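Visitor: So that we are looking at the same thing, I have put the structure below in structure tokens.
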There are 2 protein chains.
Amino acid sequence: MQLRAVPDLPEIRPGDDLAALLAERVDLDPGSVLCLASTVVSKAEGRFAALSEYPAGPRAREIATRLEEHTGEEKDPRFAQAVLEESTEIITEAPFLLTETHFGHTCVNAGIDRSNTGGEDLLLLPKRPSESAARLSEALSVPVIVTDTCGRPFRHGQRGVAIGWAGMAASRDWRGERDRDGRELGVTVENVIDELAAAANLVAGEGAGGVPAVVVEGFEFGKMDGSDEHFRDVEDDYVRQALRGWSHE
Amino acid sequence: MQLRAVPDLPEIRPGDDLAALLAERVDLDPGSVLCLASTVVSKAEGRFAALSEYPAGPRAREIATRLEEHTGEEKDPRFAQAVLEESTEIITEAPFLLTETHFGHTCVNAGIDRSNTGGEDLLLLPKRPSESAARLSEALSVPVIVTDTCGRPFRHGQRGVAIGWAGMAASRDWRGERDRDGRELGVTVENVIDELAAAANLVAGEGAGGVPAVVVEGFEFGKMDGSDEHFRDVEDDYVRQALRGWSHE
């Protein structure tokens, strides 16, 4: 399996034809997978925003105050308002604002970016990353994964994850497979789009030298999981249930 | 960046010289990273166990009963006893047994495997995976990552993670880096050993056809994080704090 960065992609602006810009710079063999940082998808889709567009309501002001108490840092209630508007559920308010986005992704601050925003205050995640991936996948005739970088429980640091995907299922399905001794496997469903996003992140890097598009060649799809599930349902997510009832004092 | 599976590794038995078996099968260039499934490290270290070695105490019997109530499946209290003995803290008992292992890894059932156990009841994780990695790294003169596969909150399915590492730091450090507009980056510490483990898992596969050793070539280390932190401290892990106080009914 091989990963290569797509070279020389220019700074992306609203309305840019991302598929055309990519097709000019890389030959995509059938069987390869394109991983694309959500930042460039958001920029092409014009998901920039100014804080002034988010006059803070009472809930946002309350959250900003709680966050200030917890972190000792000044928090702009308009930023909290932007996070609220991008979310369907607030899971924790403090010591960090963990929410579920409209498209089902659980992350801090609804993934709203304050760096790499091209001079604007904010860069929001794509509105529907899997729909963005589907448009690009259709234009480029390969599976497309839209990636983001975020932290997680139990483990230090951040890593790449998939937030949208098209042209392939989210997981490889090992159910029914046997080990060398003929016993059924303990591991059954392998979330390959997150693993591909993590692998791409190793090549992409960050900052001014970062590269937002990475092509994966030679990935063996195998038997894919028909459910195409990626984000956990709440009923199945005990950690989320625990966080809902929890208050950090 | 390129990943290739190490071919034709035989079934590993206690006492096998894993470094020699690997060196016979693959040329390791300086700058490459070797990812090795914990199963083969455990097998070489003789971490097989029989359930009869774990007569269940009162706590293990209590946990097995709670798990039976929650899952409707029969649970062997000796298995719960094995998990207890491999752990320093029980984080949740039901609906799954989430613990911290002696070496700091948070996972279900202390990572104890019941498939791929070579005819024994259980295969435990390596006792100190980073020490195992250090021995292999020294013998092979490349960084070594010991990997496992596990589930996680918020997201469906399992993915590869690092549980031991040597010869490199756990993370790449982007602190102080700037974006194209000169703003400081939001993402600061990238846990590359987990990303490498995830990438290797894409190549390794599972089951009888699975390959436990994968070589990564062409990974650009960049500026690595001096702390070498990988597992979160409890004070820094709000999700773990929430789970401690939580009881699923």
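The values are calculated or read from the model by the stated rules, or taken from the named source; none is laboratory data. Just so it is clear, the structure is predicted and the values come from calculations on it, not from any experiment. All Cβ positions, glycine included, derive from the backbone under ideal geometry; neighbour counts span all protein chains shown. The protein model used for the area step is the full one, side chains on, heavy atoms only, and it has no ligands, DNA or RNA in it. Shrake-Rupley method; radii C 1.70, N 1.55, O 1.52, S 1.80 Å.
Visitor: For the pair A and B, how large is the buried accessible area, both sides, in square angstrom to the nearest 100, if the probe is 1.4 Å?
Guide: On the way: alone 13350 and 13360 Å², together 20030 Å².
Rounded to the nearest hundred, the buried surface is 6700 Å².
Visitor: Pop out the carbon and sulfur fraction of the accessible area of the protein assembly as shown as a percent, whole number, probe 1.4 Å.
Guide: Values: 8900 of 20030 Å².
Its accessible area is 44 percent carbon and sulfur atoms.
Visitor: Here is a further query. Taking each pair of different alpha-carbon atoms in region B:133-249 once, compute 1/r for the pair, average those values, and report the inverse of that mean as the Kirkwood hydrodynamic radius in Å to one decimal. Working shown, then result.
Guide: Working: mean 1/r = 0.0605 Å⁻¹.
Here the Kirkwood hydrodynamic radius works out to 16.5 Å.
Visitor: List the residues, sorted by chain then number, that are 5 or more residues from residue A:178 or on another chain and whose placed amide H is less than 5 Å from its amide H.
Guide: B:208
Visitor: Past the 28 angstrom mark, what percentage of all C-alpha to C-alpha distances in the protein assembly as shown do you count? Don't jump to the answer; show the numbers that get you there.
Guide: Working: 66257 of 123753 pairs.
Percentage above 28 Å: 54.
Visitor: Put +1 on the Cβ of each Lys and Arg and -1 on the Cβ of each Asp and Glu in chain B; which of B:54, B:111, B:44 then has its Cα farthest toward the positive end of the dipole?
Guide: Working it through, the farthest residue towards the positive pole turns out to be B:111.
Visitor: Let me ask something else about it. What does the accessible area per residue of region A:4-152 come to in Å², with a 1.4 Å probe and no ligands, DNA or RNA counted? If you can, show how the numbers build up before the last one.
Guide: Working: 6360 Å² over 149 residues.
Value for region A:4-152: 43 Å² per residue.
Visitor: I would also like to ask the following. Relative contact order for chain B: what is it in percent, counting Cα pairs under 8 Å that are at least 6 residues apart? The partial results should precede the final answer.
Guide: On the way: 456 pairs, mean separation 60.8, N = 249.
Across chain B, relative contact order equals 24 percent.
Visitor: Counting only Cα atoms, I'd like the Rg/Rh figure for region B:94-155, Kirkwood definition for Rh. Don't skip to the answer; put the middle values down first.
Guide: Working: Rg = 13.8 Å, Rh = 13.4 Å.
With Rh from the inverse mean 1/r over Cα pairs, Rg/Rh is 1.03.
Visitor: Continuing with the same structure: Which parts of region B:132-158, residue by residue, lose 10 Å² or more of accessible area when the rest of the protein chains are there, as against the chain isolated (1.4 Å probe)?
Guide: B:149, B:152, B:153, B:154, B:155, B:156, B:157, B:158
Visitor: With Cβ to Cβ distances under 12 Å as the rule, what net charge do the other residues near residue B:244 carry (K, R +1; D, E -1)? Before the final figure, lay out each step's value.
Guide: Working: positive: B:240; negative: B:89, B:93, B:100, B:237.
Taking every other residue near residue B:244 into account, the sum is -3.
Visitor: If you don't mind, there's one more thing I want to ask. Using the Karplus curve 6.51 cos²θ - 1.76 cosθ + 1.60 with θ = phi - 60°, work out ³J(HN,Hα) for each residue of region B:193-200 in order, rounded to whole Hz, and write x for Gly and Pro.
Guide: These are the phi-based 3J(HN,Hα) values: 5, 5, 5, 5, 5, 5, 4, 4 Hz.
Visitor: Does a label point 7 Å from the Cα of residue A:88, set along Cα-to-beta-carbon, have any residues of region B:135-155 with amide nitrogen under 17 Å, and which are they?
Guide: The answer is B:154-155, whose backbone nitrogens lie closer than 17 Å to the label point.
Visitor: Now for a different question. Which value, in Å³ per residue, describes the convex hull spanned by the Cα atoms of chain B? Spell out each step's value before the answer.
Guide: Values: hull volume 36.7 nm³, N = 249.
Given the Cα convex hull of chain B, per-residue volume reads 147 Å³.
Visitor: Also: Amide H of residue B:171: which non-local residues (sequence gap of 5 or more, or other chain) have their own amide H closer than 5 Å, using H built in the peptide plane?
Guide: When sequence neighbours closer than 5 places are left aside, the close amide H contacts are B:192, B:225, B:228.
Visitor: One decimal, nm, shortest first: give the distances between the label point of residue A:30 and those of the same position in the other copies, each label point 7 Å from Cα along Cα→Cβ.
Guide: So the label point of residue A:30 gives 4.4 nm to the other copies.
Visitor: Right, next: Near residue A:52, within a Cβ-to-Cβ distance under 9 Å, what is the net charge of the other residues, with Lys and Arg +1 and Asp and Glu -1? Each step should come with its number before you reach the end.
Guide: Working: positive: A:78; negative: A:53, A:121.
Once positives and negatives cancel, what remains is -1.
Visitor: In whole angstrom, how long is each semi-axis of the equivalent ellipsoid of region A:26-69, when you take the square root of 5 times every eigenvalue of its Cα gyration tensor and sort them from largest down?
Guide: 39, 14, 7
Visitor: Same structure again: I need the calculated FRET efficiency for the pair residue A:11 and residue B:108, taking r as the beta carbon distance and R₀ as 41 Å, to the nearest 0.05. Please list the in-between numbers first.
Guide: Numbers: r = 44 Å, r/R0 = 1.07.
FRET efficiency, residue A:11 to residue B:108: 0.40.
Visitor: On each of the three principal axes of the Cα atoms of region A:48-125, give max minus min coordinate, whole Å, ordered largest first.
Guide: Computed over the Cα atoms, the extents are 31, 27, 20 Å.
Visitor: What's the FRET efficiency of residue A:50 with residue B:223 using the Cβ-Cβ distance as r and R₀ = 35 Å, to the nearest 0.05?
Guide: Values: r = 33 Å, r/R0 = 0.95.
Efficiency at R0 = 35 Å is approximately 0.55.
Visitor: Put a point 7 Å out from Cα along the line to Cβ at residue A:128; what are the distances to that point in the other copies, in nm, shortest first?
Guide: 5.4
Visitor: State, to one decimal in nm and shortest first, how far the label point of residue A:50 sits from each corresponding label point in the other identical copies (label point: 7 angstrom along Cα-to-Cβ).
Guide: 7.6
Visitor: Contact order normalised by length for region B:48-125, with contacts defined as Cα pairs under 8 Å and 6 or more residues apart; what percent is it?
Guide: Details: 129 pairs, mean separation 22.5, N = 78.
Relative contact order, region B:48-125: 29 percent.
Visitor: Starting at 0 and stepping by 5 Å, how many percent of the alpha carbon pairs of region A:1-145 end up in each bin?
Guide: For region A:1-145, the binned pair fractions read 2, 10, 17, 19, 16, 13, 9, 8, 5, 2, 0 percent.
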